[in-house]
Amino acid sequence: MKKYDVTALGELLIDMTDNGTSPQGNTLFEANPGGAPCNVLALLAKLGHKTAFIGKVGDDLFGRRLRETLKELGIDPSNLCVDPECRTTLAFVETKEDGDRDFSFYRNPGADMQLKKSDVHKELLEETKIFHFGTLSMTHEEVREATRYAAEYAKAQGALLSFDPNIREPLWDSMETAREQVEYGLSICDILKISDNEITWFTGEEDYDAGVRKIKEKYPIPLILVSMGKAGSRAYYQDIAVERPAFLQARTIETTGAGDTFMGCVLHGVLGTGLENLNAEELGKILEYANAAASIVTTRKGALGVMPGEQEIRKVLSENRKGW
């Protein structure tokens, strides 16, 4: 039995989220703890899983607050390193009228970019069932080396690898470099979550089924999830393809963290069922659960500290899907 259900590596930062205007008409920003890999862990911790995080923050007020946030959420922060010279990364998030977002990153450099191979605690990777990562920790050479080392070491210890590209174009020197890092993730992962716009960018296919086929022809990934926003989500496993609609909320205010919530729920499902011999019914339940949870997060500011629990998710399911 391994100590951790899921260990994630990557960015832990502050999302400066648009929160209206001041009496003078200036934009107000709310400092929300965030970062995609940790958002995934926050959802899993809320559902009772043992989780751990590998990353780096600055020796500043934001870095100290983020460490305390991990502790409060029940995420093991023992491999959260502190850089005395770089500041904690900030991401200013502008919410558009349709709830989508535009990001401006203050990260040149940011502390999360300074994670080194030598910073990674091997014992965490030896004691985890699933290792989760994305590409924001592969934008620059040093942190890329740390990410690849952790992924390969975890896989050698028998962990399943979960990968979410989570492409943020402004952070890349070139999109060709971004493509190379996505290809690396595809080559090593067991579970892939990819968004609709990412699959079109990566494969050139507007049809997501065709895009998944193109990926699977080169990379034999056991489980692929495609998140499609308001259109719902799809799961592809062996020769099975399952689709479920989104749970649209009248109270949606923004989509920050929705994809991470979805990913966390998928990993929650895989931890319950395993990755062997999944069937269409099990995949459908995983998608519905994940879609329901993601819809709840769209009604809240931020993500890391506002993840839904089991009862909230089941309530949405019971109100919208009979038979649960």
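What are the residue pairs meeting all of these: first residue in region 123-143, first residue among the acidic types (Asp, Glu), second residue outside any loop (DSSP other than H, G, I, E, B), Cβ atoms under 9 Å, and 6 or more apart or on different chains?
So the pair list comes out as 126/153; 126/154; 127/4; 127/7; 127/52; 142/113; 142/114; 142/117.
Listed here are the residues, each with its yes/no results for (1) surrounded by fewer than 22 Cβ atoms within 10 Å (Cβ to Cβ); (2) of a type in the set (S, T, N, Q); (3) closer than 28 Å to residue 221 by Cβ.
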| site | (1), (2), (3) |
| --- | --- |
| 263 | no, no, yes |
| 281 | yes, no, yes |
| 292 | no, no, yes |
| 295 | no, yes, yes |
| 315 | yes, no, no |
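So, restricting to helices (runs of 4 or more DSSP H) that lie completely within region 102-190, which ones have at least 2 residues that are under 20 Å from residue 203 (Cα atoms)?
Values: elements: 122-126, 141-156, 175-188.
By residue number, 175-188.
Would a scan of region 191-203 turn up a residue that is in contact with a helix residue (DSSP H, G or I) (Cβ under 6 Å, 6 or more places away or on another chain), crowded, with 22+ Cβ neighbours inside 10 Å, among the basic types (Lys, Arg) and in contact (Cβ under 8 Å) with a residue 12 or more places away in the chain?
Scanning region 191-203, I find at least one residue that is in contact with a helix residue (DSSP H, G or I) (Cβ under 6 Å, 6 or more places away or on another chain), crowded, with 22+ Cβ neighbours inside 10 Å, among the basic types (Lys, Arg) and in contact (Cβ under 8 Å) with a residue 12 or more places away in the chain, so the answer is yes.
Residue-wise test of (1) surrounded by fewer than 21 Cβ atoms within 10 Å (Cβ to Cβ); (2) closer than 22 Å to residue 302 by Cα; (3) in contact with a Cys (Cβ under 9 Å, 6 or more places away or on another chain).
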site	(1), (2), (3)
58	no, yes, yes
63	no, yes, no
76	yes, yes, no
118	yes, no, no
131	no, no, no
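Say whether the condition of being of a type in the set (Val, Ile, Thr), within 25 Å of residue 157 (Cα to Cα), assigned to a strand (DSSP E or B) and in contact (Cβ under 8 Å) with a residue 60 or more places away in the chain is met by at least one residue in region 28-48.
For region 28-48, residues of a type in the set (Val, Ile, Thr), within 25 Å of residue 157 (Cα to Cα), assigned to a strand (DSSP E or B) and in contact (Cβ under 8 Å) with a residue 60 or more places away in the chain: absent.
Select from region 1-57 the residues that are of a type in the set (Lys, Arg) and either over 25 Å from residue 292 (Cα atoms) or out of contact with any Lys or Arg (no Cβ under 9 Å at 6 or more places or on another chain) (or both) and list them in ascending order.
2, 3, 46, 56
Which of the residues spanning region 1-27 are modelled with pLDDT under 95, buried (at least 22 other Cβ atoms within 10 Å of the Cβ) and either in a helix (DSSP H, G or I) or among the charged types (D, E, K, R) (or both)?
Matches in region 1-27: 15 only.
Each row is one residue, and each column tells you yes or no for (1) over 23 Å from residue 19 (Cβ atoms); (2) of a type in the set (D, E, K, R).
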site	(1), (2)
231	yes, no
256	no, no
266	yes, no
282	yes, yes
285	yes, yes
304	no, no
310	yes, yes
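Here is a check on your reading of the model: is residue 155 basic (Lys, Arg), surrounded by 15 or more Cβ atoms within 10 Å (Cβ to Cβ), in contact (Cβ under 8 Å) with a residue 40 or more places away in the chain and within 23 Å of residue 42 (Cα to Cα)?
The answer is no for residue 155.
Considering each residue of region 59-83, count those that are under 26 Å from residue 153 (Cα atoms) and either part of a strand (DSSP E or B) or among the aliphatic types (A, V, I, L, M) (or both), and give that number.
So the answer is 10.
The values are calculated or read from the model by the stated rules, or taken from the named source; none is laboratory data. Since the structure is predicted, the reported quantities are computational estimates derived from the model, not experimental observations. With ideal geometry, Cβ positions are generated from the backbone for all residues, glycine too; neighbour counts draw on all protein chains shown.
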